[in-house]
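The values are calculated or read from the model by the stated rules, or taken from the named source; none is laboratory data. Because the structure is predicted, anything quoted here is derived from the model rather than measured. Every residue, glycine as well, gets a Cβ built from its backbone with ideal geometry; the counts of neighbours run over all protein chains shown. Each accessible area value is taken on the protein alone, full model and side chains, heavy atoms only, with ligands, DNA and RNA left out. Shrake-Rupley method; radii C 1.70, N 1.55, O 1.52, S 1.80 Å.
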Amino acid sequence: MNTVQIRGKLIQYYGNKAGYIEKGKAIVDPLFKTEQLQSYLAKQGLEAEWRDGVHEGLAKGNIDPESGGRLLKSCRIWQLKPEADVMMKFIGYDELLERFGELEPNNYQAVYDGEVETNNLDEIFAKFNLSHPPGYKGHSLSMSDVVELYDSSGSTFHYVDRFGFKEISFQPPEQELYQGPTMSL
């Protein structure tokens with residue numbers, strides 16, 4: 001058995017998914033940083049970049065070596081501002097359209113912006129209802145909220161509807177991340 005193999009863009013070390021090739025560079029988990037692997041990569045003409053989490057990301061399918069990187073997108077949660085019409089809150093998308101017309105992005109504010117270990121909308125819904133991640137400044141995810149999944153190629157927006165999600169067009173306003181209510185003494 002060869003100790004190091006490159007299959008497509010995947011680097012395997014003793015059968016383990018150790019890294020991948022991206023733009024002529026070997027992106028490898030430091031867990032596998034050995035003289036043997038470094039020597040092999042050098043002989044292949046590949047400069048090694050050691051990144052934590054590569055092995056785990058490859059094993060879980062969160063990194064696709066053939067596309068050269070992360071599959072996971074970042075996530076923003078948009079919720080209606082406190083001053084928005086209370087009748088717009090917590091209603092389904094069809095009812096919103098019927099009563100108020102198209103969604104007005106200026107009524108929304110970002111209450112979270114970060115990574116959430118999944119692109120699955122149902123898992124995101126559960127996460128923002130059961131165990132809010134650090135930095136989350138909103139209420140539990142509910143109807144009328146918008147989930148944005150984004151990366152360098154763009155964004156998709158998903159309205160939290162009565163049953164599941166409705167992909168929508170949404171041009172978010174330029175604004176800072178909402179920091180939550182403030183108290184004055």
Multiply the residue separation of GLU49 and LYS25 by 0.36 nm, subtract the distance between their alpha-carbon atoms, and state the gained length in nm to one decimal. 7.9 nm
By a straight-distance test (C-alpha under 19 Å), which lysines pair with LYS60 as possible cross-link partners, with residues fewer than eight away in the same chain excluded? LYS9, LYS17, LYS73, LYS127
In the set (1) 19.1; (2) 18.5; (3) 16.5, which value of Kirkwood radius over Cα pairs in Å was calculated from the structure you see? (1)
For segment 43-114, with only Lys/Arg (+1) and Asp/Glu (-1) charged at the beta-carbon, what is the dipole magnitude about the Cα centre, in debye rounded to 20? 280 debye
Based on the alpha-carbon gyration tensor of segment 1-65 and its eigenvalue square roots a ≥ b ≥ c, which shape applies: rounded if a/c is under 1.5, prolate if not and a/b is larger than b/c, or oblate? rounded
Multiplying the sequence separation of ARG162 and ASP64 by 0.36 nm and subtracting their Cα-Cα distance, what value in nm do you get? 31.9 nm
For segment 75-185, which whole percent of the accessible surface, found with a 1.4 angstrom probe, sits on carbon and sulfur atoms? 49 percent
